[in-house]
Structures are given as structure tokens and as C-alpha cells.
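The values are calculated or read from the model by the stated rules, or taken from the named source; none is laboratory data. In this text the structure is predicted, and so the values were computed from the model without any measurement. No Cβ is skipped: glycine too gets one built from the backbone with ideal geometry, and neighbour counts run over all protein chains shown. Areas reflect the complete protein model, heavy atoms only, side chains present, ligands, DNA and RNA absent. Shrake-Rupley method; radii C 1.70, N 1.55, O 1.52, S 1.80 Å.
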Amino acid sequence: MRALTLVGDRQLDLIDTAPPPPPGPGEVQVQVAAVALNYLDVWGFRGMAFAKRKLPLVVGVEASGTIAAIGEGVAAFAPGQGVVMYGALTCGTCRACREGRDNLCENVGGIMGFHVDGFARDLINLPARLVIPVPAGVALRDAACAPIGFATVQHMLFDNAKLEPGETVLVHAGGSGIGTAAILMAKQIGCTVITTVGDDAKAEKAKALGADHVINYRTDRFEGVTRKLTQKKGVDVVFEHVGAETFNGSLLCLKRGGRLVTCGATSGPTTTLNLMQLFQQQYRIIGSFGATMKNIAQSLDKMAAGLTPVVDTAVPLAEFERGLDRLAGRQVFGKVVVTF
């Protein structure tokens, strides 16, 4: 069995390893079909210090596949069925898990592909409770983008920011995997979308995707353009995941009582905050991490209804590192998917 394994910082090997045993009670065995790449993969490859792990480590944090075998007591799945997998080893028993708030599990055992062995292997055994069926008609390549790419956006925009039809939203990095998904989901409910991109080619693609206004942040200050577009009123929601470079500018783009939801800090994790601005303008700043299993199912339902993810590039498993390089180089528009 093939397993793409991180053996040292910035050193990946495609190794041949023993397949897993038959699935045990309550488990399923999944034959992996596709892995979608995220910045977690980039950070893990580079050896980010906050990742507590032991090498060697099988990589891959987001994936789809088909059921290869089922263990005793599993009735919800059948061999050959398309599925995606939840990427955090939640306990399933704490209050958060029982209430369906999986991403707030009190006893999480780690993120697969980052802290513990991940999905970039031919076969994997998992508890059936961490597996979600793929609706008929959804390609496994697209489904691979649901557990993080689509579900993170679903959780940010609707669970946390409470985005409503007709509102105006500023989506940062509209060419990224979650940026493209945010544009699609916001437009689907009739929102006005302003987005930022890093070059004119991406600007054209963002417009074709449905964005109403596109700002090239390399040539224009997004704060000024956004204020002008909204007649100085500001936007209802800012979809923030860039971090230090954009955070305070994002606050300036909000209307009074506006909501900023953030899930990332790729440009840096620290910033300063004007507290008087915060309380006088009555901003709501919401941190959002990951997604729930319900969010993944909601994302798959949206795919089944025709809202498919934007895939920039598909590469074979042996070229995983090329996919990482493309993602890290910020030249992508949409997701990079690794096929098996």
C-alpha cells in the first residue's frame, strides 16, 4: 500500500507499507480517491513549531474515497459507497461532541495529516461515526473539497457570521480555496460580494465566478475602495483569513454593528486593535476554526445541488509536492486536488 509520508521537515517520501487490518467493530475501511490541499499541508511540510507530532507522518488533511469494507455493527455504509472523512479525531462523548459541535471537542486526539497520520494513503480504517456519505452525482474529486474547503466556509458564513440574503460581504483572497467557496455561497443567497485578489487574471476569474466588485490589493487599498463602493457605510460581513496584513483594514470596512469572521492568519498571527473603535462601532469579531460534521453534510448537499468547488489543479499522488508548491506560491485560483 502507498503512503505519502513526511520523514523530515520539507522531505516527503512515497513509501510502500503494509495495508491496514480488516476494520474492527464500528469501523469502516476507506479506499482513498482524492486528497484536497490546504495551508495546513503547507505548514506541516515546513515543520511549523506548533504542530506536536512524531515523524514519520502520513500527510493529507482532507480527502474523499469509497468504502472498501465495513466492520461489525456498521449498518450506515456499504462497500463501494462514496464518502468523505472528518479530519479531527474527536472523542464523540464530551458535551460538545454530543451537541454536534465537533470542532469544539474537549478531548480531540489531533488533526489527521498534521498531528497524527493522515489521508494520503491507499487505505485507511476509521470509526464509522467520523465518515459522511457523498450524495449521488457528486464527483469524488469535488467531494474531497468538502471537509475543510467548503465546510469551513459554511461554518464561518452561516453558523458564525449569520450572513443573510441581500447583505454585502467582503471576501479576502477571493482566488483561494475558501475564498472561491465564499464567493459562491454568498452569491447563492443573493448577497453583494466584494473580493480582493492579487492580480488582474484572478480578478477576471473572480468576476466570472459571480463577484460583484473585485479589488486588486497590489494596486489599490482595499479599505478605500470598499468604503467608496458602499458609500462609506461599510459592509455587513468581512470574511477574513489573511491575518495581520489585512485585519485592521478589514475592521475599517465594516459598517456599524458589522461582523468580522476569521479563520486564518497566513500573513501573521498578531496585530494591534483599537478598542475604542471596537466598542464605539459595535463590531462583532468572531473566531472560527474548522467545521462540524453537519457543516460537511451541508456542503455536500450544496455540491449535489450544483454548487461545485473551483479546482485549480489536479496532480497525481506522486506529485503531491508540486501541488504544495503551487499552493504556497499563491498562484492558485481555487483548490489543488491530489488524485490516486
Descending packing, highest mean Cβ count within 10 Å first, for 28-35, 12-19, 240-247, 147-154 is 147-154, 28-35, 240-247, 12-19
Toy charge model, Lys and Arg Cβ at +1, Asp and Glu Cβ at -1: the chain dipole around Cα centroid in debye, rounded to 20, equals 940
In Å², rounded to a whole number, the accessible area per residue of the chain with probe 1.4 Å is 43
Contour minus Cα-Cα span, T272 to F158, at 0.36 nm per residue, comes to 38.3 nm
Here the stretch 283-295 yields Karplus 3J(HN,Hα) values (6.51, -1.76, 1.60; θ = phi - 60°; whole Hz; Gly and Pro given as x) of 5, 10, 10, 10, x, 9, 10, x, 6, 9, 5, 4, 4
hull vol. (C-alpha, convex hull) per residue for the chain, Å³ -> 131
Dipole check, the stretch 210-340, charges on Cβ (K,R +1; D,E -1), about Cα centroid: among H213, V336, Q277 the Cα furthest to the positive pole belongs to Q277
FRET efficiency for A304 and A75 from the Cβ-Cβ distance with R0 = 22 Å, rounded to 0.05, comes out at 0.45
Rounded to 0.05, the calculated FRET efficiency for the beta carbons of D9 and D325 at R₀ = 22 Å is 0.90
Between the Cα axis of helix 200-209 and the main Cα principal axis of the chain, the angle (0 to 90°, nearest 10) is 80
Among K162/K255; K202/K255; K187/K207; K232/K255, the pairs whose Cα-Cα distance exceeds 18 Å are K202/K255
To the nearest 20 debye, the stretch 165-222 has a Cα-centred charge dipole, built from +1 on Lys and Arg Cβ and -1 on Asp and Glu Cβ, of 80
Projected onto the charge dipole of the stretch 1-135 (unit charges on the beta-carbon of Lys, Arg, Asp and Glu, signs +1, +1, -1, -1), the Cα from A68, I124, G110 with the largest positive-side position is that of G110
Treating only Lys and Arg (+1) and Asp and Glu (-1) as charged, each at its beta carbon, one finds that the stretch 89-159 has a dipole about its Cα centre, in Debye to the nearest 20, of 100
Of every hundred units of 1.4 Å-probe accessible area on the chain, the number belonging to carbon and sulfur atoms, as a percent, is 52
